[in-house]
Each structure stands twice: as structure tokens, then as C-alpha cells.
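Here's the structure, in C-alpha cells; my notes come after.
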Amino acid sequence: MIDLTIAEIADIVGGRLADISAEEAAATRVTGTVEFDSRAVGPGGLFLALPGAHSDGHDFAAAAVEQGAVAVLAARPVGVPAIVVEPAAGDTSASVLEHDVDGSGAAVLAALARLAGAVAAKLVDGGLTIIGVTGSSGKTSTKDLIAAVLAPLGEVVAPPGSFNNELGHPWTVLRATDATDFLVLEMSARHRGNIAALAAIAPPSIAVVLNVGTAHLGEFGSREAIAETKAELPQSVPSSGAVILNVDDTAVAAMADVTAARVVRVSREPGAQVDVWADAVTLDELARPRFTLHAGGDQVDVTLAVHGDHQVSNALCAAAVALECGATLEQVAAALAAAGPASKHRMQVATRADGVTIVNDAYNANPDSMRAGLKALAWMSRSGASERRSWAVLGEMAELGDDAISEHDSIGRLAVRLDVSRLIVIGTGRAMSAMHHGAVMEGSWGSESTQVADADAALALLREELQAGDVVLVKGSNAAGLGALADALIADSADNGVTETGDTTA
């Protein structure tokens, strides 16, 4: 974060000082980072005290100061230097944003948003370029690719993992400093207005919309409502900016009509209005794409280090961002070739010493990403010198509302149509039973589809039945907790060696 005094921060967020004098607040500067985890606070930091479902950050304020925090942003006095904020009359920002906190926590989040907004405005005046990314699936992978292709052009700040909500978004903004050239922000939504609220904190000059799928369908009620919410991002970009649209998705293509910014269209096929496109797409034995990238009348061959045919569209969007920021096609190709999976549990591929390949895509799941993962699994199992057995170890896809049963049924059927050797369905609820029965009704027989109670049961089955050379996809919504299962499968062979094609850090 840029260097600010405690008094300046209090003025920005509209808070009052507690347990610190006005003179001390004016003389004490926040020179470290803003943290909501007291264990992460360092010297000169600012601690964010949030009440949550399981613990109250106010209880850790003193510990944060002991670790070096110079002040706490809180909803009440905490016995150490603090900036105390309360909901202001007529302030609707806390009600627009969503988080698992009570009213006082919403006031702290609203204050955090105001602080991030003020910092972002100062940095933009100093030359910072802000890039916003949204879509029903692929946001995190694309964010990571964008950060990679921009790195040769200057200092980049991007969120670790999926910090894309009303807490992670401003927290990421406050990682930027005067030395930052590019700030890449991932934006998610559970309700209308969420993306508009996030974009208002740090208005992007470049926006990327990947797709409109069925993630959070239970919250929005229809794909049309999801599209309208995703369109809040291109609507936030001024006429001097650029909006990059994946026009292979018709709902995204239509967003060209709702933005004042210049539109850059990307596609997997050339077209009269397409600006960046790919052709000659092939996949290697681990489903890493190769293709020819076209832009501005020039072309370059690209080999990706990430896995899955769906990554082509993500890479095209990242390339378009880099080109907007001044990169050459050759720079883009080199950066993409070096950019492996950067966020944990997202299409990370590891091959054990016994030849078993684990595809760890356990961080999140929706119908679109589940289909992409299954297709990548099917390709990997059949693209080598000899066919390998494939295992789909699947958890629940959350937040699908009334469509949960039909969507899980369709994934079970798809696994059979793709000729996946074994399907392990984890969970005994109605949705997971629908996935298992969908596979059975599509033609699964014997133990090809097995439904187990939990991840421990799935792990025990896999340890008993996996054979050398098998390929295993582990995927489900984050709440299913399947990342630990995938990690355990990899660790089973840790003593004998394992080859990973992706970064395992968050």
C-alpha cells in the first residue's frame, strides 16, 4: 500500500481514533500491508478486524499489534490503537457487498473499500493500469495468465488464488504501491450489483469478459440475469478504455452494445470483426494446447504450459490484454509458454513415480468447468502411445438452485459418453445421487460408477484400486474439500518422486 498516516486513513474511511492521540495518529505511518489474518501482519501493517462465522477479528487485535501492526481498522475500540468505523446514514455500500459478517463487519468492509478506492485513484493518477476480469468460469486461470504476460512489461500485482469478492478485491488493490505498473483484479458476483460495486472501488481501464455460464444459477435464477451482472464490468470502463470480449460466447458478444469503451473481440475462429484469434489448435499428451495466435495482421506460434482445450480462450484474452498494454506477439508467446498453473488446485497436473497422473482441479466446479475437466481427462487418457485408465473423482457443484439435480445428472451421463473408465461420486445428497444415477442410466455398468459417502472413502478406494499409468481427475466445488484428497494421492508417491507441471503455491 502507498505510505499513509493513521490520521489520513481515518479521514479517508470516515472513522474515529481510539486508544491513540491525534498527534500520534498524524505522526505514525502505515508502511506495511493491510491484513485480515493477524498471523500475516508485519511491521508497519494495518490489521482489519472482521467478525466472522467462527471467530471475531477484534479478539486478535492486540496480537496483531504485538506482531507489528501500527493500528487496527475495527468496528469498536479494542484496547490498542484503532480506527473505529460505523455504518454511516445513507451509506449503501455495505448492503451491496456480500460477506459472512454481521452489520459491524459490513461497516469495516465498507471502510476497507473506501480506503482501497482512495489508494487506487492516487495510483491511477501516477500511471497505474487496472485490468478487471470476470466470467462464470476461468477467471482465476485467466487472471494468472494475464499477470504472466504483463510481467515482462512492468511490476504486476494480482490476487493469489480467487481473491475476488468484497474482501479479497480491496485487499488486492491495497497490495499495489507507487512501483506497481499493472493491477489485475478478478471479479465475482452472487447478486446483481456486486461487480459494479467492485469496479467502483478500482475502476478498470481494461476489462475482460470470458463467458456466461451457470455458476451461481441458484442465486441469480437465470442465465440472462448472470449475463446482465457480468455486463456490469464492461459498463464500468470509460470510453478511453478497452473491453476484451470472448465472442465465441454469444451472451458475451452482446456486451459490445452496453459499453462506451473500445471493444476488442477474441475468438477461436477468424471473423470480420475479430481482432485476436487462434487456429491450428492441437493438444499434447497432457492436454496442453498449441495454436497459432493472430493479431493485427501478424501471427506467432504459441505453446501453453496450462492444461485443457478451454485454456485457449483464456490465453487469447490474456494475449489481448498484453497487446493493449504494448507487448509484442513474440513477448506474448514467450510469456504464455512459461506460464504454468499459478493458483493451487486449478488444473494442476502431477505424475507420480508409478506413472499415475493426478489432475488436481478441486478448487471449484460448475457445469461448464466440470465438462472442460472431463474432456481434458478423456484426452489425456487416450493421447499417448497406449490408452490409460481414466478416473473422474467428482464432488458436488454448489449453488445451482433448482437446476442442481439435472446438471449433476448431465455430468454423470457425460462421463459415460466420454468413456471415462471409472467415476467416483462423492457425497450422498440428492445432487450427487443424481450424478451417479445419470451415469448408470447412460450405460455405466458394474462398478464403473461408484457412489461413496465422503472424500476419505474415495481415497481408500483409490489407494486400493489405482494401477500404474492411470489418470485421475479430482474436481468439485471448494466446499467439497477435495483438494486434500488430491494432495494425498500425490503425497502417496512423494518418496519415490513426482513430476509436477504446475506451481503448487497459492
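The values are calculated or read from the model by the stated rules, or taken from the named source; none is laboratory data. Keep in mind the model is a prediction, meaning the values are calculated, not measured. Note that each Cβ is placed from the backbone with ideal geometry, even for glycine, and that neighbours are counted across all protein chains shown. To get the accessible areas, we keep the full protein, side chains included, count just its heavy atoms, and leave off ligands, DNA and RNA. Shrake-Rupley method; radii C 1.70, N 1.55, O 1.52, S 1.80 Å.
One chain, two ends: D402 and D37. Fully extended at 0.36 nm per residue, the span grows by 127.8 nm beyond their Cα-Cα distance.
Per-residue ellipticity at 222 nm from helix content only, as computed over the chain with -39500 (n - 2.57) for each DSSP H run of at least four residues, stands at -10000 deg cm²/dmol. With a sphere of radius 10 Å drawn around the Cβ of G427, what net charge do the other residues whose Cβ falls strictly inside it have (Lys, Arg +1; Asp, Glu -1)? With Lys, Arg at +1 and Asp, Glu at -1, the net is -1.
Relative contact order for the chain: 11 percent, from Cα pairs under 8 Å spaced at least 6 residues apart, divided by residue count. Overall size of the chain from C-alpha positions, given as principal axis extents largest first: 74, 54, 45 Å.
V300 sits with roughly 20 Å² accessible to a 1.4 Å probe, with DNA, RNA and ligands left out of the calculation. Please say if the stretch 10-86 is rounded, prolate or oblate, where rounded means a/c under 1.5 for a ≥ b ≥ c the square roots of the C-alpha gyration tensor eigenvalues, and otherwise the choice is prolate for a/b larger than b/c and oblate otherwise? Oblate is the answer for the stretch 10-86, as a/c is 1.5 or above yet b/c matches or exceeds a/b.
Segment E330..S239, full-extension length gain: 29.9 nm, with 0.36 nm per residue of separation and the alpha-carbon distance subtracted. If R0 is taken as 22 Å, the Cβ-Cβ distance between E442 and R190 corresponds to a FRET efficiency of 0.10. The value for the stretch 363-438 of Rg(Cα) / (2.2 N^0.38 Å) is 1.09.
Lys-Lys pairs in the chain that are eight or more residues apart or on separate chains and whose Cα atoms lie under 14 Å of each other come to 5.
Gain on full extension, evaluated as 0.36 nm per residue between D178 and T282 minus their Cα-Cα distance, stands at 33.3 nm. Note on D125: accessible area is roughly 140 Å² with a 1.4 Å probe, heavy atoms of protein only.
Distance from the alpha carbon centroid of the stretch 284-340 to that of the stretch 348-375 works out to 21 angstrom.
Within the stretch 452-467, whose backbone N sits under 17 Å from a point 7 Å along Cα→Cβ of A491? Zone members listed by number: 455-464. In this simple spin-label approximation, E464 and D298 carry label points 7 Å from Cα along the Cα→Cβ vector, and these lie 5.9 nm apart. Take the solvent-accessible surface of the protein heavy atoms, probe 1.4 Å, and return the percent of it on the stretch 14-66 that carbon and sulfur atoms account for. Looking at the stretch 14-66 in its full context, I get 51 percent from C and S. With every protein chain in place and a 1.4 angstrom probe, the accessible-area ranking of D361, D59, D403, largest first, reads D59, D403, D361. Using R0 = 22 Å, the C-beta based FRET efficiency linking R16 and H54 works out to 0.20. Surface exposure of the chain, expressed per residue as accessible area with a 1.4 Å probe, stands at 38 Å². When the residues R389, R430 are ordered by accessible surface, computed with a 1.4 Å probe over the protein chains alone, the sequence from largest down reads R430, R389.
Solvent-accessible surface (1.4 Å probe) assigned to H191 amounts to roughly 70 Å². For the stretch 166-208, the pair-distance distribution built from all alpha carbon pairs, in bins 5 Å wide starting at 0, is 5, 20, 34, 25, 11, 4, 1 percent. Surface composition of the stretch 131-235: carbon plus sulfur atoms contribute 48% of the solvent-accessible area (1.4 Å probe, protein chains only, all chains present).
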